[in-house]
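**Q** Before anything else, here's the structure in question.
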Amino acid sequence: MTRFSETSTDNGAAPTPDPEVVTSLLDPATTAESIGDYVRAWGVRIRNGESGMLPVVLGLVVIVVIFQSQKSVFLSAGNLTNLFIQSATFILLGMAEVFVLLLGEIDLSIGYVGGVAGVVTVATAAPPGNHPWWVAIIAGLVVSTLIGILQGLVVTRLRVPSFVVTLAGLLGWEGMLIFLADREGGTNGGGTIRLSNSILLDLVNGNLSVAAGWVLLVVGVAGFAAFLLLRDRHRRAHSLVVPPFGLTIARIVAVAIAGFAVVAICNANRGRIVSHPVQGVPWVVLIVLGTFIAWTSLLGRTRFGRYVYAIGGNAEAARRAGINLGRIRTAAFALTGLTAGLAGVILTSQLGSISSNVDGGELVLYAVAAAVIGGTSLFGGRGKMLYAVVGGLVIATIANGMGLIGLSASAQYMVTALVLLAAASVDALARRNSTRNS
Amino acid sequence: MTFPADQAGAGPDYSGPAPAAVPSSGAMADTADTADTADTADTKWILETRGITKRFGAVEALSNVNFHVAAGQVTALLGDNGAGKSTLIKCLAGIWEPEEGQTLWDGNPVRIRGPKVATGLGIETVYQDLALCDNLDIVQNMFLGRELTSSRLLDEDSMEKQARRTLAELSVTTVRSIRQAVGSLSGGQRQAVAVAKAVMQNARMVIMDEPTAALGVAQTAMVLDLIRTLRSRGIAVVVISHNLNDVFQVADRIAVLYLGRLAVEAPVSAFDQQSAVYAITTGRFDATAVGA
Ligand SMILES: Nc1ncnc2c1ncn2[C@@H]1O[C@H](COP(=O)(O)OP(=O)(O)O)[C@@H](O)[C@H]1O
Ligand SMILES: [Mg+2]
């Protein structure tokens, strides 16, 4: 009888634990039978360095407590809504970076690619064309996607390392941004182009009505709950692997609480003039949420996403499985460009203008930091869109809080650097412990 | 070694002839080129190469190799390091195409131009490095490159069911969860996943490159059992191994490569440990040494 256990022996000796089994790689959600099991399995994972998002979430709480103790306005509805808006660019750029980081590649150009997309969008909506807002957005996104494809083709066809190709992009697209901004904004002067299209401005500055926010929250949470519960029930009926029931409930509750908090905060009146209330969930929150859901589904539920993880995990195995590595890699760079373009459009809407002063170099470093702080591996194969969301929130929180306290840019940079280093070190230290112990 | 009752018969999908009886041959021919004449005339070759030659620059990795794989049998491919074993199986798996010679599949000439052609024929290869993605789970690895979809989305439920069935058929029962990352498995379990991945696609011939090289005693025994299970399901197995004990435990036939030439191929009964070692190290096969 072939039994696939190293511990089974012909004389039926007592099984001994298999030292080769790396318990830390076991996903508790798939191996745990109960929520208690799940918590215990997480304990093992954390000790072994597979801590996932735990350190960063704890870190975020610590940062929030510090800022709140320094400046009580930090946790006000107005400031938190502001923080959500500020985080949008970091989150979107972080999600853009996740596509290529999962492949073990990097894209250093996305800050300026986003800037170029912003200029194209503004210019398309501006006179003399005066094209509608959606044409302007599509134009910007098409340009950034084409840039992504171009860079992807150079990486895959000419086999130039992505670090070099996109480093060239970092310089080249900054040049393009300055050129376009000077040309389009020439009459206004200063290389700054104002955004006058009201819908484009509303992407960030407009709000849902209070009622619409609540309705969306209820519909969204109910939809999420129904999706998880029905899927679990279906899988249980077919005796497929199902996460513990308690875990599914915990997930739904967590999403409901987070969603409720966001909507409640955004729906509070944050206007300064009593007669003129400002309230409601900013459109940009929905845009980020929609992008997050779309990209998470793409990575988790399509062949393309599966192949991205496969290539990042073991490119040779993917090649032998008949996967067209070049096509998947190029598509990933295209999606990075597309998402960066969206970030550029959002940034433009937030600023109300776009100029040649956009610091794309800083933006891309924040984007990589957002993805890595959340837990994305720079070596490929490990990461999620959710990590970029959390990482982007952390970065925006630091920027926002430091600004409130009135610390200088120099201090902001250094604190962000420390957080990034701390996040990476927690991971590395735990990992080293686990290899030493085993 | 016994098999569970439900696996004792030939595999249900397999419609080929029963494995040919292995002649207990003292009448081995003594020259390598005609060694296979010792097989009975009705031995059915699922795969046959005729004079294939593969060069890497000036190196002739394979010279004029006539290699045969019998349907429903385990063929051990032996040879010293650099003898050309990996090159030969890569030619069969569609990684390389030989410069000269012909390959017959079910008696029909075929050109195996790429891995997809090989898998299309029913040739599945389990490489030495296994080619698994550690970050993906067992199901995801088993279906890598041939995922099932419904309305363009991955059909995880169907894939998981099918993977579970295949693992059960191979009696791979003790992995903790079919949804655990392959990086968390032991060497033997990884080998099992790689084999299950191969078998799941209605493989008719499974090639394994040194499947036991990295394994301990107990895990090796499991992999050998797995090979026997494949054979009992009517699948031809080609296994490269340096471990003659393993070979003599599972092989029905042995082929020895020596510096790119096929030194000898014959039923296992024509060999003993000594003559096998002699063939591997000298490239010569001395039939008179058998039983001496
Ligand atoms: N990709 C390659 N490029 C150049 N030479 C190769 C390549 N693969 C194998 N060879 C050469 O072909 C010969 C046979 O190698 P190989 O088939 O790997 O032997 P084995 O698997 O029996 O140890 C060796 O001389 C090896 O150096
Ligand atoms: Mg080899």
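**Q** Considering each residue of segment B:152-172, count those that are open to solvent by less than 20 Å² (accessible area, probe 1.4 Å), more than 8 Å from chain A (Cβ to nearest Cβ) and more than 12 Å from residue B:196 (Cα to Cα), and give that number.
**A** Of the residues in segment B:152-172, 1 are open to solvent by less than 20 Å² (accessible area, probe 1.4 Å), more than 8 Å from chain A (Cβ to nearest Cβ) and more than 12 Å from residue B:196 (Cα to Cα).
**Q** Now a separate question. What single numbered condition from (1) open to solvent by 10 Å² or more (accessible area, probe 1.4 Å); (2) more than 10 Å from every other protein chain (Cβ to nearest Cβ); (3) over 30 Å from residue A:302 (Cβ atoms) fails to hold for residue B:205?
**A** (1)
**Q** Take segment A:288-327 and flag every residue that is more than 9 Å from chain B (Cβ to nearest Cβ), within 25 Å of residue A:158 (Cα to Cα), under 20 Å from the mean Cα position of the chain (by Cα) and surrounded by fewer than 23 Cβ atoms within 10 Å (Cβ to Cβ).
**A** A:304
**Q** Give me the residue from segment B:173-189 that is crowded, with 23+ Cβ neighbours inside 10 Å and under 19 Å from the mean Cα position of the chain (by Cα) and, out of that set, farthest from residue B:240 (Cα to Cα).
**A** B:189
**Q** Across segment A:245-290, what is the number of residues that are in a loop (DSSP other than H, G, I, E, B) and touching a residue at least 24 places away in the same chain (Cβ under 8 Å)?
**A** Selection size over segment A:245-290: 7.
**Q** With respect to residue A:340, is the statement that it is touching a helix residue (DSSP H, G or I) at 6+ places or on another chain (Cβ under 6 Å) and either within 14 Å of chain B (Cβ to nearest Cβ) or modelled with pLDDT of 90 or more (or both) true?
**A** yes
**Q** Step by step: first the residues of segment A:195-239, then only those that are over 25 Å from residue A:280 (Cβ atoms) and outside any helix (DSSP H, G or I), then the one that is nearest to the other protein chains (Cβ to nearest Cβ). Which residue is that?
**A** The residue in question is A:238.
**Q** Now a separate question. Consider residue B:214 carefully, then state whether it is modelled with pLDDT under 90, within 16 Å of ligand 2 (Cβ to nearest atom), open to solvent by 10 Å² or more (accessible area, probe 1.4 Å) and within 30 Å of residue B:169 (Cβ to Cβ).
**A** Yes; evaluated as a whole, the condition is true for this residue.
**Q** Something else now. Would you confirm, using the coordinates I've provided, whether residue A:401 is surrounded by 24 or more Cβ atoms within 10 Å (Cβ to Cβ) and at pLDDT 90 or above?
**A** Taking the combined requirement at face value, the residue does not satisfy it.
**Q** For segment B:173-192: of the residues being among the basic types (Lys, Arg) and touching a residue at least 24 places away in the same chain (Cβ under 8 Å), which is farthest from the other protein chains (Cβ to nearest Cβ)?
**A** The selected residue is B:190.
**Q** Restricting to segment B:127-151, and then to whatever is touching an Asp or Glu at 6+ places or on another chain (Cβ under 7 Å) and of a type outside the set (Ser, Thr, Tyr), can you tell me which residue is farthest from the other protein chains (Cβ to nearest Cβ)?
**A** Checking each candidate, the answer is B:128.
**Q** Right, next: Here are some conditions: (1) assigned to a loop (DSSP other than H, G, I, E, B); (2) in contact (Cβ under 8 Å) with a residue 12 or more places away in the chain; (3) surrounded by 15 or more Cβ atoms within 10 Å (Cβ to Cβ). Residue A:242 meets all but one. Which one does it not meet?
**A** Residue A:242 satisfies every listed condition except (2).
**Q** Exactly one of (1) touching a residue at least 12 places away in the same chain (Cβ under 8 Å); (2) open to solvent by 30 Å² or more (accessible area, probe 1.4 Å); (3) within 9 Å of chain A (Cβ to nearest Cβ); (4) of a type in the set (A, V, I, L, M, F, W, C) is unmet by residue B:121. Its number?
**A** Every condition holds for residue B:121 apart from (3).
**Q** Please enumerate the residues belonging to segment A:334-367 that are out of contact with any strand residue (DSSP E or B) (no Cβ under 6 Å at 6 or more places or on another chain), β-branched (Val, Ile, Thr) and under 15 Å from residue A:195 (Cβ atoms).
**A** The answer is A:345, A:346, A:358.
**Q** If residue B:194 satisfies all but one of (1) in a helix (DSSP H, G or I); (2) within 16 Å of ligand 1 (Cβ to nearest atom), what's the number of the condition it fails?
**A** The one condition residue B:194 does not meet is (2).
**Q** Residue B:200 fails exactly one of the following numbered conditions: (1) more than 16 Å from ligand 1 (Cβ to nearest atom); (2) open to solvent by less than 10 Å² (accessible area, probe 1.4 Å); (3) more than 9 Å from chain A (Cβ to nearest Cβ). What is the number of that condition?
**A** Looking at each condition in turn, residue B:200 falls short on (2).
**Q** Right, next: From the residues in segment B:233-292 that are free of Cβ contacts under 8 Å to residues at least 24 places away in the same chain and part of a loop (DSSP other than H, G, I, E, B), which one is most open to solvent (accessible area, probe 1.4 Å)?
**A** My answer is B:292.
**Q** With the requirement that a residue be aliphatic (A, V, I, L, M) and either away from ligand 1 (no atom under 15 Å from the Cβ) or within 14 Å of another protein chain (Cβ to nearest Cβ) (or both), what does segment B:226-253 give you?
**A** Those that are aliphatic (A, V, I, L, M) and either away from ligand 1 (no atom under 15 Å from the Cβ) or within 14 Å of another protein chain (Cβ to nearest Cβ) (or both): B:226, B:227, B:230, B:235, B:236, B:237, B:244, B:250, B:251.
**Q** Related question: Among the residues of segment B:86-118, write down those that are surrounded by fewer than 20 Cβ atoms within 10 Å (Cβ to Cβ), within 14 Å of chain A (Cβ to nearest Cβ), away from ligand 2 (no atom under 16 Å from the Cβ) and hydrophobic (A, V, I, L, M, F, W, C).
**A** Selection gives B:117 alone.
The values are calculated or read from the model by the stated rules, or taken from the named source; none is laboratory data. Computed from a prediction, not measured in an experiment: that's the story for all the values here. We place every Cβ from the backbone using ideal geometry, glycine too, and count neighbours over all the protein chains shown. For the accessible areas, the whole protein counts, side chains as well, though only heavy atoms, and no ligand, DNA or RNA atoms are used. Shrake-Rupley method; radii C 1.70, N 1.55, O 1.52, S 1.80 Å.
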